[in-house]
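Values quoted throughout were computed directly from the atomic coordinates according to the rules given, and no laboratory measurement underlies them. Worth saying up front: this structure is predicted, and the values here are computed from it rather than measured. We place every Cβ from the backbone using ideal geometry, glycine too, and count neighbours over all the protein chains shown.
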Amino acid sequence: MEEFKVHFKPQNKSIRVPKGTDLLTAAIKAGVVIAAACGGEGLCGKCKVLIAGTTVLACQTLVESDLLVEVPKGSVESHEAMKHESEDFTKGIISEREKSLKLSPIIRKVYVELSKPTQDDNTDDLERVLRAVEAKIVHARIFTRLSNIKHLSENLRDSVYKVTAVIAYEEGSIEMLALEPGDTTDRLFAFAFDIGTTTVAGQLIDLNSGEILNAHNICIKSKGVDDFKRSGLIEYNRYY
Ligand code: FES
């Protein structure tokens, strides 16, 4: 496929891209950060650049020849502000207000040692687990899914009736998400995402200590994924 060279200034970065590539994609590939609040939908007007003195939207302008593209200070600055916000998130810079909050994740682990079934106590395995967990968490009723019941009997016997329940608190009820063999309460992690129109940032967090173990962010061009779709996906998959 025919390729053209795009040079961005004042960043002084060049990239070769196939004919028909839009300038916002070319900029991302070249490592040039241009404001793109709508993710390249052509709606926000933030991605202004200059070609031969004419202002165009980078996301709506296709490369049809070699180009010299000038990125105005405003287009870079507004993105830099967003980038810094994201970097703050990624580095886990916690405000004084947040420091005063008590760590209280909705997902927790409860370790239980169950009594084995006997002739006098022939309670079924699921009830045996739920009863023991409920006794440790303010006696709230717990439910679980079929997938957790399928291999429950063998899992209990393999772990000599010593298991850790992973539970999630949700609007007045508690769900047992998984049952792990042995005591795994010291290993409870979460991954938090900050999904923006141009940047996705993530943090791996130790939910026992609140410590941020790792963080990373990447620039994206999220064409076709609007805020509603993103929040819908997050709502639907909130535990998985
Ligand atoms: S108008 Fe180009 S990114 Fe919004």
The long-range amide H neighbours of LEU67, using H built 1.01 Å from N in the peptide plane and a cut-off of under 5 Å, are LYS5, VAL6, HIS7
With labels modelled as points extended 7 Å from the Cα through the Cβ direction, what inter-label distance (nm, one decimal) is found for LYS116 paired with LEU68?
-> 8.4
Work through the residues other than ILE167 whose Cβ is under 11 Å from its Cβ and net out their charges, Lys, Arg +1 and Asp, Glu -1.
-> 0
Could you tell me the distance between the Cα centroids of the stretch 1-62 and the stretch 119-138, to the nearest Å?
-> 62
When MET1, MET176 are arranged by how many other beta-carbons sit within 10 Å of their Cβ, fewest first, they go MET1, MET176
Near-label residues of the stretch 113-145 by backbone N, under 17 Å of a point 7 Å along Cα→Cβ of VAL160 | 113-117
In nm, spacing of pseudo-spin labels at ARG145 and ASP124 (7 Å Cα→C-beta vector) = 2.0
